[in-house]
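The values are calculated or read from the model by the stated rules, or taken from the named source; none is laboratory data. Here the structure is a predicted model, which is why all the values come from computation and not from measurement. Neighbour counts are summed over all protein chains in view; Cβ atoms, including those assigned to glycine, are modelled from backbone coordinates with ideal geometry. We work out accessible area using only protein heavy atoms, side chains counted, and drop any ligands, DNA or RNA first. Shrake-Rupley method; radii C 1.70, N 1.55, O 1.52, S 1.80 Å.
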Amino acid sequence: RVHGGSGSSSNSSSSGFVVGAKAAAGLPPPKRGASAEEPDSRTIFVGNIPFSSDAAAFDAAVRSWGEDPVEIRRVSDKKTGRFAGCALVEYASVSAASAVLALHRRAPREHDGRVLRLKSAVEHRKR
């Protein structure tokens, strides 16, 4: 979510997810035995998407990553409604999300000439 005025951004989106359990203050640490590289969620945060990216082309690119997503949510600025350059991609299982992240580590995904950032998204607890 992008805050108006200062141009600063936070790690959360309007859908209630934050990126990286360690980066989000107040969230419990990962489960014992869980690696920082393994997702603890079925949802992946995708960042560094060009603002000019076509939604249909991005969706097609995500579907080409080897696992069928359940939902692709492009994040928008709350005040302006403009695309914020990131998305949340939900998969049917944690193992499907893990497979996509493993593929990205071996061969980083690109879209419209930019290398995308993929990370496991952690659901943000209501305050």
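Only one of the numbered conditions (1) surrounded by 13 or more Cβ atoms within 10 Å (Cβ to Cβ); (2) without any contact (Cβ under 8 Å) to a residue 40 or more places away in the chain; (3) not hydrophobic (A, V, I, L, M, F, W, C) is not met by S64, and that is (1).
If a residue must be touching a residue at least 60 places away in the same chain (Cβ under 8 Å), more than 17 Å from S64 (Cα to Cα) and within 15 Å of the chain's Cα centre (by Cα), how many such residues does region 78-99 contain? Final tally of qualifying residues: 2.
Just checking, does region 69-76 include any residue being among the hydrophobic types (A, V, I, L, M, F, W, C), free of Cβ contacts under 8 Å to residues at least 40 places away in the same chain, within 20 Å of S41 (Cα to Cα) and surrounded by 15 or more Cβ atoms within 10 Å (Cβ to Cβ)? Within region 69-76 (the criterion being among the hydrophobic types (A, V, I, L, M, F, W, C), free of Cβ contacts under 8 Å to residues at least 40 places away in the same chain, within 20 Å of S41 (Cα to Cα) and surrounded by 15 or more Cβ atoms within 10 Å (Cβ to Cβ)), the answer is yes, since at least one residue qualifies. Is it fair to say L103 is open to solvent by less than 30 Å² (accessible area, probe 1.4 Å) and of a type in the set (A, V, I, L, M, F, W, C)? When the stated conditions are applied, L103 does not pass them. Filtered by the rule that a residue be among the β-branched types (V, I, T) and within 16 Å of R73 (Cα to Cα), region 83-127 gives V89, V122.
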